[in-house]
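Novice: Sharing a structure below in structure tokens format, with a few things to ask.
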């Protein structure tokens, strides 16, 4: 399968690159825990910063198959070490990148099993994914619009729909929305062989641009691809506005302070790269999870030769 | 007592929840794409035996419960407490009340080994071995020759437990009983 991924990109003139997994700083995302080594370096949570530095130096379309590491992520769908396929397309809009991603899945279809409970999607399904906006999915799942709902209604909704959660009255708004999304909205996607979620609130933009959607809301220019409710890939129309990047980094660190997490230094090399980067779209795809869905399996340890304890 | 972060949750871990000691049965890690991760946990309340579900924000910590499981030998009852003795040669004894012994009362036999769960040093629950051998003190007379299939009849054991036994089994016989189902397994030599 790795061989076929490489041939897919080679036929499209996307250059394979190799980047370090060992770095001096790590992603500032509040909800990502990096593994830190005893010499102070980090194992990267994603090859993104190095890929962007290559883009900034004019590498053009590139892809990498790289190990990524995330502390404390262990479960049926998570292993702390996993294989990430990440690629960048200068000049591409998100829709073009989505089309290419679906073409890749199509090219890998001969590895797919259709006899399982989760049969590999047909060509027709892969060509026409069901598209949801974050807001519509939340409205369908719990009847509230995440952009406009009042704090009181949000808390009442969590109290009645997630009865086993005790902090509905005290937790922050973004955490309650994440709770509703993972407990009620994502499960709706398990019925869809191929689904795309887009239009995330701007606070969840991470390193993507933001845009104003058709209803005048500020949303992140990103999408996530799901196969039977399992998140397979996450794509950004990449942020190249350095000032905006600094602002988000500072606000992530402010949140980290509040939560008692360690702050992270700004990756100045990445800032420089962002300044030189062409407009582009990029996507990260979890290869182990893709294999899970190709084989119709439900646990990540079933596709890893050596799973971490707890996975 | 130590505290445990959700990252350390695994089945069998004993933690305090709403003032009661609980044992984790299942721990599921869920994380939406870029958001907050949660742990959805199924726990057994060790006091009531009831199973509850709870959702925690990943990274939260809970206090550990001072709960240990020890193999102990049943010694005697004084009418109020059931006394168990450690099998490690220390002769240390603990008295369990009727609530802690619960349904295990009908499988209590002297010199048999039980799993006694201690909470803050006092017995919280007593788990019998999967099989115990007990004597029948009362049943209808045995029917000779009927050793194959056929009916069953109730038999009362020394512990007052009543189990269904095949017709050929006699008063005074020792039988092996599966304590999980309360079912007769076979006749054993005394």
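What follows is calculated from the coordinates using simple rules that are stated; it is not laboratory data. Computed from a predicted model, the values in this text were never measured in an experiment. Cβ coordinates were reconstructed from backbone atoms using ideal geometry, including for glycine residues, and neighbour counts include every protein chain displayed.
Novice: In region B:55-179, what is the volume of the convex hull around the alpha carbon atoms, normalised per residue and reported in Å³?
Specialist: Given the Cα convex hull of region B:55-179, per-residue volume reads 167 Å³.
Novice: Same structure, new question: For region B:47-98, place one equal point scatterer on every Cα, skip the solvent, and apply the Debye formula. What is log10 of I(q)/I(0) at q = 0.18, 0.24, 0.27, 0.32 Å⁻¹?
Specialist: -0.77, -1.01, -1.13, -1.21
Novice: Averaging over every viewing direction, what projected area does the convex hull of the Cα atoms of region A:1-82 cover, in nm²?
Specialist: So the Cα hull casts an average projection of 6.7 nm².
Novice: Express in % the proportion of alpha carbon pairs of region A:107-156 at distances exceeding 19 Å.
Specialist: When every Cα pair of region A:107-156 is considered, 52 percent fall beyond 19 Å.
Novice: A follow-up question, please. Scale the Cα Rg of region A:146-209 by the rule-of-thumb value 2.2 N^0.38 Å and send over the ratio, two decimals.
Specialist: Against the compact-globule rule of thumb, the ratio is 1.23.
Novice: While we're here: Quick one: give the max-minus-min coordinate of the C-alpha atoms of region A:252-301 along each principal axis, largest first, in Å.
Specialist: 41, 36, 13 Å, listed from the longest principal axis down.
Novice: For A:3, A:252, what ranking results if the residue with the fewest other Cβ atoms within 10 Å of its Cβ goes first?
Specialist: Final ranking by Cβ density, sparse to dense: A:3, A:252.
Novice: Give me the Kirkwood hydrodynamic radius of chain A in Å, from all C-alpha pairs, to one decimal place?
Specialist: In chain A this quantity evaluates to 20.4 Å.
Novice: Computed over the Cα atoms of region A:47-142, what is the ratio Rg over Rh, Rh following Kirkwood?
Specialist: 1.02
Novice: Could you list A:155, A:247, B:156 in order of exposure, starting from the residue whose Cβ has the fewest other Cβ atoms within 10 Å?
Specialist: Going from sparsest to densest Cβ surroundings: A:247, B:156, A:155.
Novice: Could you tell me the calculated FRET efficiency between residue A:111 and residue B:66, based on Cβ-Cβ distance and R0 = 35 angstrom, to the nearest 0.05?
Specialist: Plugging the Cβ-Cβ distance into 1/(1 + (r/R0)^6) gives 0.10.
Novice: Here's something else I'd like to know. Ignoring solvent entirely, what values of log10 I(q)/I(0) come out of the Debye formula for region A:55-98 at 0.20, 0.23, 0.26 Å⁻¹ when each Cα is a single scatterer?
Specialist: Debye intensities relative to I(0), on a log10 scale: -0.77, -0.83, -0.89.
Novice: Still on this structure, please answer the following. As an exercise, take the mean of 1/r over every pair of distinct alpha carbons in region B:1-91, invert it, and state the Kirkwood radius in angstroms.
Specialist: 15.1 Å
Novice: Calculate the mean, over all residues of peptide A:162-173, of how many other protein chain Cβ atoms lie within 10 angstrom of the residue's Cβ.
Specialist: Mean partner-chain Cβ count within 10 Å for A:162-173: 3.
Novice: What average number of partner chain Cβ atoms lie no more than 10 Å from the Cβ of the residues making up B:35-45?
Specialist: Whole-number average of other-chain Cβ neighbours for B:35-45 is 5.
Novice: What's the percent breakdown of Cα-Cα distances in region A:155-293 across 5 Å bins, shortest bin first?
Specialist: Final binned percentages: 2, 9, 13, 16, 18, 19, 14, 7, 2, 0.
Novice: At a Förster distance of 22 Å, what's the computed FRET efficiency of residue A:15 paired with residue A:276, Cβ-Cβ distance as r, to 0.05?
Specialist: In this case the efficiency is close to 0.80.
Novice: Would you mind ranking B:90, A:281 by Cβ crowding within 10 Å, fewest neighbours first?
Specialist: B:90, A:281
Novice: What does the highest-first list of B:126-138, A:12-24, A:79-91 look like by mean Cβ count within 10 Å?
Specialist: My ranking of the peptides, most packed first, is A:79-91, B:126-138, A:12-24.
Novice: With no solvent and one point per C-alpha, what does the Debye sum give as log10 I(q)/I(0) for region A:190-256 at q = 0.12, 0.21, 0.28, 0.29 Å⁻¹?
Specialist: Scattering profile of region A:190-256, log10 relative to I(0): -0.37, -0.89, -1.13, -1.15.
Novice: Which FRET efficiency, nearest 0.05, do residue B:178 and residue A:188 yield, Cβ-Cβ r, R0 45 Å?
Specialist: Efficiency at R0 = 45 Å is approximately 0.55.
Novice: Over chain A, calculate the relative contact order: mean separation of alpha carbon pairs under 8 Å at least 6 apart, over the residue count, as a percent.
Specialist: 24 percent
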